[in-house]
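The values are calculated or read from the model by the stated rules, or taken from the named source; none is laboratory data. The shown structure was predicted, so the numbers you read here are calculated from the model rather than taken from an experiment. Here the Cβ positions follow ideal geometry from the backbone for every residue, glycine too, while neighbour counts run over all protein chains shown.
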Amino acid sequence: MYYTYVLYSPSLNTFYKGSTNDLESRLYRHNHGYENFTKKGVPWELIWFTQKPTKSDAIKLEFKLKNLSHDRLKAFIIKFNSDINPNVNSTIFFMAVGSNLDEII
């Protein structure tokens with residue numbers, strides 16, 4: 001199983017979109033400085049993810065998400081919030097489901 005995911009960095013006020021076959025390990029790598037692109041944004045919060053049956057499907061969705069504008073990505077997260085990780089901190093979870101969205105981003 002593969003995953004496409006969206007992370008949010010409160011310190012940078014930005015999103016990161018990616019795909020992986022091990023979501024827990026990937027989030028750990030993002031938050032512990034193993035990935036050059038995301039090390040400046042620590043801590044990263046997992047605000048949305050979905051499972052895909054193949055690596056190709058996960059990568060296709062990742063590229064589609066990367067081509068969305070900031071506003072369209074926010075709308076996507078709100079629309080498809082059923083896949084949101086309920087274990088993220090409440091500020092980010094509320095952002096993802098639309099509460100105080102414009103204040104946070």
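Key figures for this structure:
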read-out	value
Qualifying residue in the range 28-39 (condition: in contact with a strand residue (DSSP E or B) (Cβ under 6 Å, 6 or more places away or on another chain), surrounded by 14 or more Cβ atoms within 10 Å (Cβ to Cβ) and modelled with pLDDT of 90 or more)	yes
Inter-residue pairs, beta-carbon under 9 Å, first free of Cβ contacts under 8 Å to residues at least 12 places away in the same chain and in the range 60-73, second loosely packed, with under 15 Cβ neighbours inside 10 Å and in a helix (DSSP H, G or I), 6+ apart	Leu68/Ala75
Any pair with Cβ under 8 angstrom, 6 or more apart, that starts in the range 5-33 at a residue that is closer than 16 Å to Glu62 by Cα and ends at one that is of a type in the set (Lys, Arg) and outside any helix (DSSP H, G or I)	Tyr5/Lys17; Val6/Lys17; Leu7/Lys17; Ser19/Lys52
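Every residue, every condition in (1) more than 11 Å from the chain's Cα centre (by Cα); (2) among the acidic types (Asp, Glu); (3) at pLDDT 85 or above, yes or no:
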| residue | (1), (2), (3) |
| --- | --- |
| Glu45 | no, yes, yes |
| Thr54 | yes, no, yes |
| Lys60 | yes, no, yes |
| Phe63 | yes, no, yes |
| Ser69 | yes, no, yes |
| Ala75 | yes, no, no |
| Asn81 | yes, no, no |
| Ile84 | no, no, no |
